[in-house]
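**Q** Pasting in a structure now, in structure tokens, and then I'll have a few things to ask.
The values are calculated or read from the model by the stated rules, or taken from the named source; none is laboratory data. The structure presented is a predicted model; accordingly, all values stated were derived computationally and were not measured. Here Cβ is always computed from backbone atoms with ideal geometry, including for glycine, and neighbour counts include all displayed protein chains. Note: areas computed on protein heavy atoms with side chains; ligands, DNA, RNA excluded. Shrake-Rupley method; radii C 1.70, N 1.55, O 1.52, S 1.80 Å.
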Amino acid sequence: MNLSRTLSLIVATTAAIVLAVVLLGAPEGGWAWTETGWWIVPGVILIAAGAIALVHYVCSSALIDRPLQSLRKRIDMLDGETAAAPAAPIDGWLAPLSQAIDRTLCQHRARVDQLRTDRRELEIQVRVADAERKHAEAILHSISDAVIVTDAFNEVALANETAAITLRFNLTAARRQPIDRVISDPALIKLIKDMRESGRGRASRHIEHRITSSGRAKVYDVTLACVSTDEGDVTGVVTILRDVTREKEIAEMKSDFVSGVSHELRTPLSCIKAYVEMLVDGEAADEQTRADFYNIIQSETNRLSRLIDNILNINRIESGIIRVQREDICLSSVISDAVEVMRPQARAKQISLTEQGSPLGYSIYADKDMMYQVLLNLISNAIKYTPAGGKITIDTLVDDVNRSVTVSVTDTGVGIPEDAMPHLFGKFYRVPDHKKIAKGTGLGLNLVKHVVETVHMGKVRVESKLGEGSRFSVTLPISDSAVTPIASPTGGAA
């Protein structure tokens, strides 16, 4: 019920009460009214009360209810989020209040519009920032180097999977965690903290750092750079760990290779130079001495030639530019040729050189010259390190199940120490104790391994016991062509 209706009801009720008082409060003789006009007074009162109530209702509706309803609409518009049609202007005694509310409403609408605009801009900025963050994370995870980004509180802000694997931490759990709780390398933690505390502007540092993982020490090139504001305040540190273990190993191998080549070349050249100088100076007075000098020069020249050939062959194989002439060859025939070539050297040391083979000769798809060189190197090494009166056996074993053939060279020589076994096939490596027994370049076994494993996809194995002898085995796949039956090689002793 609105205010005008309430006031009208109050006026009508008041008029009715007044009428009742007039009628019930009359004296005993009654009011001095005529018999015919006694009802005129109450009727007039009732009509007047009704008229007053009607006039009051109309006036209150026009002067109070409508302005108040308009004000209520304006007030409701202050709470609304959607734009509403402008309300009709209010005149009269409520006009100042209406105008104040209208001004407030305009300010409210302007503020709401500005807030909506700001919200849309913030939403756009959030989307852009989120897209940039995802883009940065995608780039970060695609980097092969380990990357860790810490903030001004030494907490992990970003990291990639390589860093989690390298430093052994959980990538998801590490976010916003202190760096000393994430990684367990005290030296690296100290580097990061010191960089944040002492870094200024775009300062960066490079340092070589070793990290032991799974029992193996790896070398990392660590780059630390500060993330700074325009004022120069450090807000974080970017740490990049690049694995340079392989590069260091290659650099060391190159250094060892150059050193080894220089040494191996210098030795025969020095010998050749010395004997040539003696011949020039006339120190070889008789024919026999000159013949000995010539033989020594020839031997050292051949040694130098073999060294250069081995170096070139190894280099061609490692670089993948060697030309391989593959064909189906009978391995037994190649073994027999190598044995016959090496038999005079074995006879000179009174060493028994025996060849044992299977009843059937199996074909292998290989380069005949390379396999011949492999067998020559293995037999030559066996002769070098087997004392006079020893025994060398070359036997062949065929595995029909695995479709492979294994050639083994077994000697009764000095044997190989256990600590030398891992290095046996390295370039220029020679067992220290063997250097006193025979000359060598340290490239023969390395060439054997490259030819068998790299070129022919075979396998080289060695078994040895110090003081009792060694057994070198070469396993090669059998050719898919038909097996060629041949007579069993005849064993013989030098």
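**Q** Report the extension gain between Thr212 and Leu122 in nm, rounded to one decimal, defined as 0.36 nm multiplied by the number of residues separating them, less their alpha carbon distance.
**A** 27.7 nm
**Q** What are the ³J(HN,Hα) couplings of region 380-397, residue after residue, when phi is run through the Karplus curve with 6.51, -1.76, 1.60 and θ = phi - 60°? Round to Hz, x for glycine and proline.
**A** 4, 4, 4, 5, 4, 9, 10, x, 4, x, x, 9, 10, 10, 10, 10, 10, 10
**Q** Using a Förster distance of 30 angstrom, determine the FRET efficiency expected from the C-beta separation of Gln356 and Leu265, and round it to 0.05.
**A** The calculated FRET efficiency here is 0.20.
**Q** Kindly write out, for region 116-123 in residue order, the coupling ³J(HN,Hα) from the Karplus curve 6.51 cos²θ - 1.76 cosθ + 1.60 (θ = phi - 60°), rounded to whole Hz, with x marking Gly and Pro.
**A** For region 116-123, the Karplus-derived couplings read 5, 4, 4, 5, 4, 5, 5, 4 Hz, x marking Gly and Pro.
**Q** Return the Rg/Rh value of region 156-234, two decimal places, where both radii are evaluated on C-alpha atoms and Rh is the Kirkwood radius. Before the final figure, lay out each step's value.
**A** On the way: Rg = 13.5 Å, Rh = 13.8 Å.
Here Rg/Rh amounts to 0.98.
**Q** Would you grab the residues whose amide H sits under 5 Å from the one on Ala146? Only those 5+ places off in sequence or on another chain, please, with H modelled 1.01 Å from N.
**A** Close amide H contacts, sequence-distant or interchain: Leu241, Asp243.
**Q** Placing +1 at every Lys and Arg Cβ and -1 at every Asp and Glu Cβ, with all other atoms neutral, what dipole size does region 152-204 have around its Cα centre, in debye to the nearest 20?
**A** It works out to roughly 140 debye.
**Q** Run down the lysines and flag those whose C-alpha is under 20 Å from the C-alpha of Lys427, throwing out any fewer than 8 positions away in its chain.
**A** Of all the lysines, those that pass the test against Lys427 - Cα under 20 Å, at least 8 places apart if same chain - are Lys248, Lys254, Lys384, Lys435, Lys436, Lys439, Lys449, Lys459.
**Q** Any idea which of Val431, Ile394, Thr410 is furthest toward the positive side of the dipole for region 356-436, if Lys and Arg beta-carbons carry +1 and Asp and Glu beta-carbons -1?
**A** Farthest along the dipole direction, towards plus: Val431.
**Q** Mind grabbing the accessible area of Tyr429 for me, 1.4 Å probe, Å², rounded to tens?
**A** 70
**Q** ³J(HN,Hα) across region 155-161 via Karplus (A = 6.51, B = -1.76, C = 1.60, θ = phi - 60°), whole Hz, x for Gly/Pro?
**A** Once rounded to whole Hz, the list reads 9, 6, 8, 8, 7, 10, 5.
**Q** Between Tyr365 and Asn315, what's the calculated FRET efficiency when r is the beta-carbon distance and R0 is 30 Å? Round to 0.05.
**A** Computed FRET efficiency for Tyr365 and Asn315: 0.75.
**Q** Can you tell me how region 238-341 classifies by the Cα gyration tensor, rounded, prolate or oblate, using a/c under 1.5 as the rounded cut? Could you put the intermediate results ahead of the total?
**A** Values: a/c = 4.42, a/b = 1.44, b/c = 3.08.
The shape class here is oblate.
**Q** On to the next question. Charges only on Cβ, +1 for Lys and Arg, -1 for Asp and Glu: so what's the dipole of region 201-337 about the Cα centre, in debye to the nearest 20?
**A** Dipole of region 201-337, to the nearest 20 debye: 580 debye.
**Q** Sticking with this one: Among 180-192, 314-326, 330-342, 112-124, how do they line up by average Cβ neighbours within 10 Å per residue, starting with the highest?
**A** So the order, starting with the most tightly packed, is 330-342, 180-192, 314-326, 112-124.
**Q** Under 5 Å between amide hydrogens, which residues at least 5 positions from Leu443 or on another chain qualify, with H placed 1.01 Å from N in the peptide plane?
**A** Answer set, sorted by chain and number: Phe428.
**Q** Continuing with this model, one more query. Please enumerate, by chain and number, the aspartates and glutamates with C-alpha under 18 Å from the C-alpha of Lys391, excluding those fewer than 8 residues away in the same chain.
**A** Cα-Cα hits under 18 Å: Glu340, Glu355, Asp411, Glu463, Glu468.
**Q** Let me ask something additional. Calculate the length of the line joining the C-alpha centroid of region 365-415 to that of region 225-247, in whole Å.
**A** 56
**Q** Another question, if that's okay. Put Ser380, Ser198 in order of accessible area, largest first, 1.4 Å probe: what do you get?
**A** Final ranking, largest accessible area leading: Ser198, Ser380.
**Q** Could I ask something else about it? Using the Cα gyration tensor of region 303-460, with a ≥ b ≥ c the square roots of its eigenvalues, what is the shape: rounded (a/c below 1.5), prolate (a/b larger than b/c) or oblate (neither)?
**A** Cα axes put region 303-460 in the oblate bin.
**Q** Among Gln298, Ala284, Thr267, whose Cα sits farthest toward the positive end of the charge dipole of region 262-305 (+1 at Cβ of Lys/Arg, -1 at Cβ of Asp/Glu, about the Cα centre)?
**A** Farthest towards the positive pole: Thr267.
**Q** What FRET efficiency comes out for the pair Arg111/Glu247, r = Cβ-Cβ distance, R0 = 51 Å, nearest 0.05? Provide the component values of the computation, followed by the final result.
**A** Numbers: r = 63 Å, r/R0 = 1.24.
After rounding, the FRET efficiency stands at 0.20.
**Q** Looking at region 222-265, what % of the alpha carbon pairs are farther apart than 12 Å? Can you show the working numbers first?
**A** Values: 678 of 946 pairs.
The calculated P(r) of region 222-265 puts 72 percent of pairs beyond 12 Å.
**Q** Cut-off under 12 Å on the C-alpha distance; same-chain residues fewer than 8 positions from Lys190 excluded. Which aspartates and glutamates are left, in chain and number order?
**A** Asp180
**Q** Same structure, new question: What length, rounded to one decimal in nm, is gained on full extension from Asp433 through to Phe153, with 0.36 nm per residue of separation minus their alpha-carbon distance?
**A** Stretched out fully, the Asp433 to Phe153 stretch lengthens by 94.9 nm.
**Q** A further question on this structure: Given 0.36 nm per residue, what is the gain on full extension from Glu137 to Asp194 after removing their alpha carbon distance, in nm? All intermediate terms of the calculation are to be shown ahead of the outcome.
**A** Details: separation 57, 0.36 × 57 = 20.52 nm, distance 2.58 nm.
Fully extending the segment from Glu137 to Asp194 adds 17.9 nm.
**Q** Report, by chain and number, residues whose modeled amide H sits under 5 Å from the one on Ile351, excluding near sequence neighbours (fewer than 5 apart, same chain).
**A** Answer set, sorted by chain and number: Gly389.
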